[in-house]
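A quick write-up on the structure given underneath.
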Amino acid sequence: MDVVHPRCAGIDVSKRDAKVCVRLPSAGRARATSTVTTWGSVTNQILALRDHLITEAVTLVVIEATSDYWKPFFYLLEDGPFEVMLVNARHVKNLPGRKTDVSDAAWLADLGAHGLVRGSFIPPEPIRQLRDLTRTRTTITRDRSREVQRLEKLLEDAGIKLSSVASDMTGVSGRAMLAALVAGERDPAVLAELARRRLRLKIPELTEALTGRFGEHHAFLVQAHLDLIDRHTKVIDELTAHIEVVIEPFRGARELIATIPGISTLVADVVIAETGGDMTQFPTAAHLASWAGTCPGSNESAGHVKSTRTRPGNPYLKGALGVAAMAAARSNSTYLSAKYRRIAARRGPLKAVVAVEHATLIAIWNMLTTGEVYTDPGADFYARLNPDKAKKRAVDQLRNMGYHVTLNPLPAAG
């Protein structure tokens with residue numbers, strides 16, 4: 001097999017140190033020589049490792065992506081005069097039974113020398129900062145949702161069924177009622193009168209729901225949960241304000257993406273942070289969909305398809321696309337909502353959501369590549385695509401319901 005990089009290094013990273021195998025050509029020998037050394041994971045050790053690789057005239061460094069331990073090595077080595085490649089651990093598995101840190105480093109060096117590895121997408125520094133902000137915001141938003149769920153369980157313990165009447169237990173009305181409960185008010189009628197706007201139509205139901213065994217013990221814990229929710233909300237607001245500053249160079253791309261039905265500004269932030277907003281990293285829209293994990297997998301052996309499950313993709317991008325897909329599915333008179341209903345009727349809602357995610361991502365790739373604003377094909381796209389098939393389906397449905405159908409074309413408009 002041809003050697004693409006005669007002077008190559010493989011790095012197997014752990015929390016405390018890294019095994020580094022430097023593979024060099026050997027004069028007078030058919031096989032290359034490999035030397036494995038151990039380097040610490042602190043900054044000074046990594047800088048010394050960079051000097052060592054420069055001295056050995058290494059042209060390619062292959063690092064296995066292990067948790068977040070690869071980041072110090074990659075960020076400090078990427079400034080060197082050699083190419084640094086981060087590879088997915090699933091793509092470079094060593095032979096079972098012969099797997100050690102030393103053999104893994106040597107295996108990475110051999111794969112890199114023969115050009116048998118493909119680097120992962122690592123965005124530039126501005127996108128990495130934006131990605132850290134959006135991921136932190138997503139994590140804290142989830143933590144806040146968990147805190148609301150804990151509050152709901154606590155109220156269930158007190159016999160307060162506020163969440164069964166109010167759709168948002170921590171909204172303006174819900175917070176007013178909870179604050180009154182904490183302050184010592186126990187009269188359900190008085191608590192129900194704190195409802196605002198449309199929730200006032202449910203005052204009788206609220207009166208029943210607010211009748212319970214709420215005591216001082218519950219009041220203390222409710223206040224603790226509300227304080228945590230408020231702290232999470234404050235941090236989320238601060239992160240959002242900082243994201244508005246960092247995303248300024250990509251504001252045009254964000255506004256372009258946000259024209260797609262279902263995609264909010266928050267979702268557009270995540271899309272840009274995870275993809276980099278630069279579609280040149282993905283040769284085609286299909287490459288982007290595959291990288292994100294929104295297309296069917298390929299697992300075939302001996303002519304039999306074993307599985308078509310979607311591959312594990314970027315979880316943050318996948319989660320944001322799922323939110324956008326559900327919002328698009330609930331919209332009216334759009335192509336994406338029609339696509340969701342069409343597929344959900346035949347294959348179920350889960351597959352329909354993935355299909356809408358895929359269609360959304362394809363649209364994003366094309367929009368960011370061409371700079372064109374999203375143009376919705378319309379809810380009647382499939383009927384216009386194949387009118388005869390749509391007509392036959394409608395007639396068959398009516399006949400199955402017991403109707404005799406006769407079609408007469410409408411007279412031409414005068």
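Every number here is computed from the coordinates shown, using simple stated rules; none is lab data. Since the model is a prediction, treat every value here as computed from it, not as a measurement. Here the Cβ positions follow ideal geometry from the backbone for every residue, glycine too, while neighbour counts run over all protein chains shown.
Below, the figures for the structure above:
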{"quantity": "Difference of contour (0.36 nm per residue) and Cα-Cα distance, Thr37 to His52", "calculated": "4.3 nm"}
{"quantity": "Per-residue ³J(HN,Hα) for the range 55-63, Karplus 6.51 cos²θ - 1.76 cosθ + 1.60, θ = phi - 60°, Hz, x for Gly and Pro", "calculated": "4, 7, 6, 5, 9, 9, 10, 10, 10"}
{"quantity": "Taking Phe74, Phe220 and counting other C-beta atoms within 10 Å, the order from fewest to most", "calculated": "Phe220, Phe74"}
{"quantity": "The chain: most fluctuating residue of Ala241, Ala359, Ala394 per GNM, C-alpha cutoff 10 Å", "calculated": "Ala394"}
{"quantity": "Label-point gap, in nm, between Lys93 and Val3 - each point 7 angstrom along Cα→Cβ", "calculated": "2.9"}
{"quantity": "Estimated dipole of the chain in Debye, rounded to 20 [Cβ of Lys and Arg +1, of Asp and Glu -1, Cα centre]", "calculated": "1700"}
{"quantity": "For Leu86, residues with placed amide H under 5 Å, excluding near neighbours", "calculated": "Ile63, Ser120"}
{"quantity": "3J(HN,Hα) from dihedral phi, the range 34-51, Karplus parametrisation 6.51/-1.76/1.60, rounded to Hz, x for glycine, proline", "calculated": "10, 10, 10, 10, 10, 10, x, 9, 7, 4, 4, 5, 5, 5, 5, 4, 4, 4"}
{"quantity": "Overall Cα dimensions of the range 22-95, principal axis frame, Å, largest first", "calculated": "40, 31, 21"}
{"quantity": "Crossing angle, helix 101-113 versus the chain [Cα axis fit, 0-90 degrees, rounded to tens]", "calculated": "80"}
{"quantity": "Two-decimal ratio, the range 148-241, of alpha-carbon radius of gyration to 2.2 N^0.38 Å", "calculated": "1.07"}
{"quantity": "Backbone HN-Hα couplings from phi across the range 337-347 [Karplus 6.51/-1.76/1.60, Hz, Gly and Pro as x]", "calculated": "5, 5, 5, 4, 5, 5, 7, 4, 5, 9, 10"}
{"quantity": "Entries of Lys15/Lys318; Lys93/Lys318; Lys351/Lys392; Lys339/Lys391; Lys318/Lys351; Lys161/Lys202 with Cα pairs more than 19 Å apart", "calculated": "Lys15/Lys318; Lys93/Lys318; Lys351/Lys392"}
{"quantity": "Likely footprinting exposure, Thr138, Thr360, fewest C-beta neighbours within 10 Å first", "calculated": "Thr138, Thr360"}
{"quantity": "Whole-Å semi-axes of the ellipsoid equivalent to the chain (Cα gyration tensor, √5λ, descending)", "calculated": "50, 36, 20"}
{"quantity": "In degrees, nearest ten, helix 172-183 long axis to first principal axis of the chain (Cα)", "calculated": "90"}
